[in-house]
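Contents: one structure, followed by commentary.
The values are calculated or read from the model by the stated rules, or taken from the named source; none is laboratory data. For clarity, every value in this text was computed on a predicted model and none was experimentally measured. Cβ coordinates were reconstructed from backbone atoms using ideal geometry, including for glycine residues, and neighbour counts include every protein chain displayed.
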Amino acid sequence: MQISRLPIESHETVLRVQDTEIGLAGFIAVHSTKLGPAAGGLRMRPYASEDAALTDALRLSEGMTYKNAAAGLPLGGGKAVIMGDSRKKTTAQLLAFANAISTLEGSYWTAEDMGMTPQDMELLARETKFVAGLPSGPHASGDPSPITARGIFQSIKVTAQHRFGSPNLTGRTIAVQGLGHVGTYLCALLHEAGATLILADIDPKRVADIAHKYHAEIADPDSILSAKADIFAPCAIGAVLNAQTIPDLQVSAVCGGANNQLATTKDADRLHARGILYAPDFVANAGGIINVATEVLRIDDRDTYVSDKLAAVETTLGRIFDRAKTMECSPARVAVSIVDEMLADRAA
């Protein structure tokens, strides 16, 4: 296996991991450890190129710095990606990647992300102790998806309060893009709250099954961004909000679970200019890393810790919305400035 360090000025450490014999290629990106060891999930996707995989790792790891800081966690930001079809991943690939994680000696902790399961984390734990999201064992936090969905659901209610004057979702139409673990759990919570759902996913059977269960409308994956709804909840890949898609949005607010929903910082201003209230993704979707943090930090009273931190996220999001309204700017800019101040104070 070959592990090489890449000179990326924006990040503390970036590793390229490759083992041609077992078909392994990926990256580990540590953006910041100013607040503590970097923490962020491992995802596996069939990236179009190494550049695409590296770009994703860099963007996601930076997002984790902001997410962890905004959630009040003593953790920095990191992320890891493996190139390939997650349905075809092998034990050899995961064990080799775990060894690469160990070379960072605890400056990066990994956990479950797209294309990974708690059982995969258990496999990684055979070769590295710097893994969380395990299905069993001391302080095991398991699948973070239900907690991620719970945090997004609560953030959607905060968003509704600030956009419509009430957190009540009964009768509200919410368009959900992406029905992976998080999106599926989120749909259950929204349906229970009385929301009408419009759903889209690249898996036709999955979207049909969930739509039938919740009496939801099905939208084509290419048209969900132009669906008429009260709130759009992106829960798939990033960069879905961009110069091409924002003009087509027919919603009053955006709040979802996908990371890096904005393609560029200018897209936050584009949403603001259209009067669409945007819940910064790294604030709204912090539930998963809060859950993982209980394992990394060895928190004994996990349920209380998670509930307290999720409540704090609601408060933080509300304050961001209030300040953005006063300043007449995008909530994304307010959220970034708050975290930048936190990181600057720690560096001083």
In the stretch 12-34, how many are over 22 Å from Met116 (Cα atoms) and within 19 Å of the chain's Cα centre (by Cα)? 2
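To keep it simple, each residue is scored yes or no on (1) within 21 Å of Leu317 (Cα to Cα); (2) in contact with a strand residue (DSSP E or B) (Cβ under 8 Å, 6 or more places away or on another chain); (3) part of a strand (DSSP E or B).
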position: Leu225; (1), (2), (3): no, yes, no
position: Ala243; (1), (2), (3): no, no, no
position: Gly257; (1), (2), (3): yes, yes, no
position: Ala268; (1), (2), (3): yes, yes, no
Go through the stretch 300-343 and give me each residue that's more than 20 Å from the chain's Cα centre (by Cα), under 20 Å from Gln161 (Cβ atoms) and charged (D, E, K, R). Arg319, Asp322, Arg323, Lys325, Glu328
The one condition in (1) touching a residue at least 24 places away in the same chain (Cβ under 8 Å); (2) closer than 24 Å to Tyr47 by Cβ; (3) surrounded by fewer than 18 Cβ atoms within 10 Å (Cβ to Cβ); (4) not charged (D, E, K, R) that Gln119 fails to fulfil: (1)
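Could you list, in sequence order, the residues of the stretch 89-116 that are touching a residue at least 40 places away in the same chain (Cβ under 8 Å), of a type in the set (Ser, Thr, Tyr) and either assigned to a loop (DSSP other than H, G, I, E, B) or over 21 Å from Thr294 (Cβ atoms) (or both)? Outline the logic, then answer.
Initial filter on the stretch 89-116 (touching a residue at least 40 places away in the same chain (Cβ under 8 Å)): 89-90, 92-93, 96-97, 99-101, 103-104, 106-116.
After this cut, where a residue has to be of a type in the set (Ser, Thr, Tyr) as well, the list is 90, 103, 107-108, 110.
Answer for the stretch 89-116, where residues must be touching a residue at least 40 places away in the same chain (Cβ under 8 Å), of a type in the set (Ser, Thr, Tyr) and either assigned to a loop (DSSP other than H, G, I, E, B) or over 21 Å from Thr294 (Cβ atoms) (or both): Thr90, Thr103, Ser107.
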Which residues, counting only those in the stretch 224-275, are more than 27 Å from Gly171 (Cα to Cα), of a type in the set (D, E, K, R) and without any contact (Cβ under 8 Å) to a residue 40 or more places away in the chain? Lys266, Asp267, Arg270
Could you tell me how many of the residues in the stretch 222-237 are modelled with pLDDT under 95 and either buried (at least 18 other Cβ atoms within 10 Å of the Cβ) or hydrophobic (A, V, I, L, M, F, W, C) (or both)? 2
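Take the residues in the stretch 334-348 that are in contact (Cβ under 8 Å) with a residue 60 or more places away in the chain and touching a helix residue (DSSP H, G or I) at 6+ places or on another chain (Cβ under 6 Å); name whichever of them is nearest to Tyr66 (Cα to Cα).
Step one: filter the stretch 334-348 for residues in contact (Cβ under 8 Å) with a residue 60 or more places away in the chain, giving 335-336, 338-339, 342-343, 346-347.
Now drop any that are not touching a helix residue (DSSP H, G or I) at 6+ places or on another chain (Cβ under 6 Å), which leaves 335, 339, 342.
Numbers: Ala335: 9, Val339: 6, Met342: 10 Å.
Filtering the stretch 334-348 for residues that are in contact (Cβ under 8 Å) with a residue 60 or more places away in the chain and touching a helix residue (DSSP H, G or I) at 6+ places or on another chain (Cβ under 6 Å), the one nearest to Tyr66 (Cα to Cα) comes out as Val339.
Before we move on, is Lys79 outside any strand (DSSP E or B), buried (at least 23 other Cβ atoms within 10 Å of the Cβ) and basic (Lys, Arg)?
Numbers: outside any strand (DSSP E or B): no; buried (at least 23 other Cβ atoms within 10 Å of the Cβ): yes; basic (Lys, Arg): yes.
When the stated conditions are applied, Lys79 does not pass them.
Do we find that Met121 is closer than 20 Å to Pro144 by Cα, in contact with a strand residue (DSSP E or B) (Cβ under 6 Å, 6 or more places away or on another chain) and either of a type in the set (Ser, Thr, Tyr) or part of a loop (DSSP other than H, G, I, E, B) (or both) in this structure? Working first, answer last.
Numbers: closer than 20 Å to Pro144 by Cα: yes; in contact with a strand residue (DSSP E or B) (Cβ under 6 Å, 6 or more places away or on another chain): yes; either of a type in the set (Ser, Thr, Tyr) or part of a loop (DSSP other than H, G, I, E, B) (or both): no.
Considered against the rule, which asks whether it is closer than 20 Å to Pro144 by Cα, in contact with a strand residue (DSSP E or B) (Cβ under 6 Å, 6 or more places away or on another chain) and either of a type in the set (Ser, Thr, Tyr) or part of a loop (DSSP other than H, G, I, E, B) (or both), Met121 comes out as no.
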Across (1) in contact with a Lys or Arg (Cβ under 9 Å, 6 or more places away or on another chain); (2) within 22 Å of Thr33 (Cα to Cα); (3) in the same structural domain as Ala233 (by TED's automatic domain parsing), Thr294 clears everything bar (3)
Unique match (being polar (S, T, N, Q) and either within 12 Å of Lys67 (Cα to Cα) or touching a Ser or Thr at 6+ places or on another chain (Cβ under 8 Å) (or both)) among Thr326, Thr304, Thr294, Thr315: Thr294
Among residues belonging to the stretch 208-221 that are of a type outside the set (A, V, I, L, M, F, W, C) and in a helix (DSSP H, G or I), point out the one that is surrounded by the fewest Cβ atoms within 10 Å (Cβ to Cβ). His212
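So, restricting to strands (runs of 3 or more DSSP E) that lie completely within the stretch 1-41, which ones have at least 1 residues that are touching a Gly at 6+ places or on another chain (Cβ under 9 Å) and modelled with pLDDT of 95 or more? Steps first, please.
Values: elements: 2-5, 13-19, 24-32.
Here the list reads 13-19, 24-32.
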